Amino acid sequence: MVNPSSGEQITSIDIAGQREVDLAVRAARRAFDSSAGWAAWPPSERADVLRRFADEIESRADQIATTVTSQNGMPIGLARTLESAFPALLLRYYAGLVEQESVDRRDGMLGGQLVVRRVPTGVVAAIAPWNYPQTLSAMKYAPALAAGCTVVLKAPVESPLDARLVAHAAIAAGLPAGVLNIVAGGVDAGKALVAHPGVDKVAFTGSTKAGREIARTCGEVLRPFTLELGGNSAGVILDDADLAGCADALFGAIFINNGQTCFRSSRILAPESKYAEVVELLAELARSAVIGDPLDTGTAIGPLINRPALQRVAHIVERASQSGRIVTGGRVLDRPGYFLEPTVIADIDPSSPVWQDEVFGPVVSVHPYSSEDHAIALANDSVYGLGGTVWSADHDHAVAMASRIHTGTVGINGYVPDPAGPFGGMKNSGIGREFAAEGLANFRQSQTIYLG
């Protein structure tokens, strides 16, 4: 394992293989199938354990945030806001949700009565990526555990040390053995987990390419799955937008986590009348961003995850310079670690790879539009549909524009995913939804009992 800020080795770890995955699934299977297992616990008792789990995670908050930042380069302020706070929030939310449920008894259409039960799906294979390892893990294990499922979580090999801290928190909270099992592994471990006959459900966040492979594997055995995949979202700036007032929010929507965020607004659409002004604003935001050690609270842009990622994004920028204009940035910094200057590309051809593909780095492309219909057409001209933003001083107008964008989520004058609303993608950005009650439903099946 290498610290992306310095290029120096942090530590070495043993990578889980098929044997470790099999042991974890078998433990989860026993914990689920037992007559006194996790699924048989009353919801109130499961909720109590999940709240203790949340408390234990919070007691390790600083250590979790620092560990995440040291492994993936996430600015420490963001790590403290999300990686060490969000998991506890989700555990408490889903604990409350299952605790409040009542028996669903219905009058039948044929004269009798019936009861509809929501039963846990079973053993869940949860696979989370390295860019938000704890947030995206908790989006899976929190509702799954609340529903009564047992979980095998494959932690990303790039960020395994924070997962160990969460395992310690689970043990301290009194989570029974086998209910939550964590293995750190790469592609081979992920494939073994998805294909394991002891798994009943797969919940995955990662690339669209990997998502397709998971869908094929699960389709063969009719195993349910949810996929939160790549994105290349559009930010539509309307002609009445308060550019100065929304500058900080715009920076966050574009460059969050060093651009290594699936829902960020990486394609900015500006009205022709404001195009030059928008380009210059974005360039100034990029130029003024503090680049450096992500453990420093003043840092806005940290490193990319590793050298191959840096080389890939730098190559995309180089290719883009042949069909567009590099307004600012684009240079690989001559310093230890894997740093790329925040980059703004203008006058880009909408058919070019930098506009059409997921870049996953601190790069934003800008394109003018002649009318709002033109803006919507450009925004929707994408195989992805995960996030997006609309920027306007007129709230109702912005919401009307947002409703025309073919994407799973849209932010108005900013973008902050809220757990109260379902989160997920359209098109190549995924299948299914996380967060909210929909997130809990992912890990349940309905059983109807006819009472006569």
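Rule-based calculations on the coordinates, nothing more; no lab input. Keep in mind that this is a model prediction, so the values were computed, not measured. Cβ placement follows ideal geometry from the backbone for every residue including glycine, while neighbour counts extend to all protein chains displayed.
Packing around the peptides 20-32, 162-174, taken as the average count of other Cβ atoms within 10 Å per residue, puts them in this order, highest first: 20-32, 162-174. Once backbone amide H atoms are built at 1.01 Å from N, VAL202 has ALA125, PHE225, THR226 as its partners under 5 Å, excluding neighbours fewer than 5 places away on the same chain.
When shorter helices are ignored and each DSSP H run of at least 4 residues is given -39500 (n - 2.57), the per-residue value for the chain at 222 nm works out to -12000 deg cm²/dmol. Where a ≥ b ≥ c are the square roots of the eigenvalues of the C-alpha gyration tensor, would you call region 356-452 rounded, which needs a/c under 1.5, or, failing that, prolate if a/b is larger than b/c, or oblate? Prolate, since a/c reaches 1.5 and a/b exceeds b/c. Could you tell me which of rounded, prolate or oblate describes region 265-316, using a ≥ b ≥ c as the square roots of the eigenvalues of the alpha-carbon gyration tensor, with rounded for a/c under 1.5 and, failing that, prolate when a/b is larger than b/c and oblate otherwise? Verdict is oblate for region 265-316.
The packing ranking of peptides 312-323, 188-199, 94-105, highest mean first, is 188-199, 312-323, 94-105, where packing means the average number of other beta carbon atoms within 10 angstrom of each residue.
Region 58-133 and region 252-293 have Cα centres lying 31 Å from one another. Taking other Cβ atoms within 10 Å as a rough exposure proxy, TRP38, TRP391, TRP130 sort from fewest to most as TRP130, TRP38, TRP391.
By the count of other C-beta atoms within 10 Å, a proxy for reagent exposure, ILE76, ILE15, ILE254 are ordered fewest to most as ILE15, ILE76, ILE254. When each of the peptides 295-301, 181-187, 413-419, 110-116 is scored by how many other beta carbons lie within 10 Å of its residues on average, the order from highest to lowest is 181-187, 295-301, 413-419, 110-116.
Of all lysines in the structure, those lying under 24 Å Cα to Cα from LYS209, and not within fewer than 8 positions of it along the same chain, are LYS140, LYS154, LYS191, LYS201, LYS427.
Please report, in debye to the nearest 20, how large the charge dipole of the chain is about its Cα centre when each Lys and Arg carries +1 at its beta carbon and each Asp and Glu carries -1 there.
1700 debye
For region 233-419, with only Lys/Arg (+1) and Asp/Glu (-1) charged at the beta-carbon, what is the dipole magnitude about the Cα centre, in debye rounded to 20?
So the magnitude is around 760 debye.
The candidate values are (1) 149; (2) 197; (3) 231; the one derived from this structure for volume of the Cα convex hull per residue in Å³ carries the label (1). Annotation: amide H of VAL157 within the under-5 Å range of GLY185, sequence separation 5 or more or interchain, hydrogens built in the peptide plane.
Shape of region 233-419 from the C-alpha gyration tensor: prolate (a/c of 1.5 or more and a/b above b/c, with a ≥ b ≥ c the square roots of its eigenvalues). Residue-wise HN-Hα couplings along region 100-113, as the Karplus relation 6.51 cos²θ - 1.76 cosθ + 1.60 with θ = phi - 60° gives them from phi, are 8, 6, 10, 5, 8, 9, 10, 7, x, 7, 10, x, x, 10 Hz; Gly and Pro carry x.
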